[in-house]
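**Q** Below is one structure. I have some questions about it.
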Amino acid sequence: MWSPEREYIPFSKPVYARGPVEGWLNQIEAMMRQTLYDITKASMENYPEDALLRDAWFFESAAQCVLTVDQVMWTVGVTNAINEIMKGKNKKALEEYRDFSVLQINAMVELVRGDLNKL
């Protein structure tokens, strides 16, 4: 697959243009979904234990998959913070997670100020 930004993503398995066009086009569409699922799953598994050190992780996978996992991990963090508050463990858990998120954002800002390619 090629994105409009010229990001190349190889399919998880090959798809061959054989038989009726509707059949193999449906197979291509299914493989596109499967490939993005596979890459997103791998990105989730490779998410760094130290979530402040994500520089290399950002460039290991397709951009769409990295953004998806990043949002999932943010949601997990917010959910955990809310649960801590609800259980009476830490009344400032959400504020602490916000502060952590600001550190992550600042690290990303430093990264994008560096030498990056178009993607």
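Values quoted throughout were computed directly from the atomic coordinates according to the rules given, and no laboratory measurement underlies them. Bear in mind the structure is a predicted one, so any value in this text is a computation, not a measurement. Cβ atoms come from the backbone with ideal geometry, glycine included; neighbour counts cover every protein chain shown.
**Q** For a footprinting-style exposure proxy, rank THR40, THR79 by other Cβ within 10 Å, fewest first.
**A** The fewest-first ordering by Cβ neighbours comes to THR79, THR40.
**Q** I've got another one for you. Suppose every K and R has +1 on its Cβ and every D and E has -1 on its Cβ; what is the size of the dipole of segment 21-112 about the Cα centre, in Debye to the nearest 20?
**A** Magnitude of the dipole: close to 440 debye.
**Q** In terms of modelled amide H atoms, which long-range or inter-chain residues lie less than 5 Å from the amide H of SER12?
**A** HN-HN under 5 Å from SER12: THR35.
**Q** Follow-up question, since we're still on this one. By counting other Cβ atoms within 10 Å of each Cβ, how are LEU25, LEU36 ranked from fewest to most?
**A** If I rank by nearby Cβ atoms, fewest first, I get LEU25, LEU36.
**Q** If you take the C-alpha gyration tensor of the chain, multiply each eigenvalue by 5 and take the square root, what semi-axes do you get, largest first, in whole Å?
**A** Here the semi-axes work out to 36, 19, 10 Å.
**Q** In what sequence, highest mean first, do 8-16, 94-102 appear when ranked by Cβ atoms within 10 angstrom?
**A** Going from most to least packed, we get 94-102, 8-16.
**Q** Relative to the first principal axis of the alpha-carbon coordinates of the chain, what is the inclination of helix 21-45, with its axis defined by its Cα atoms, in degrees from 0 to 90 and to the nearest 10?
**A** Result, in degrees: 30.
**Q** Got a sec to turn the phi values of segment 73-85 into Karplus ³J(HN,Hα) couplings, 6.51 cos²θ - 1.76 cosθ + 1.60 with θ = phi - 60°, whole Hz, x for Gly and Pro?
**A** 5, 5, 4, 4, x, 5, 4, 4, 5, 5, 4, 4, 5
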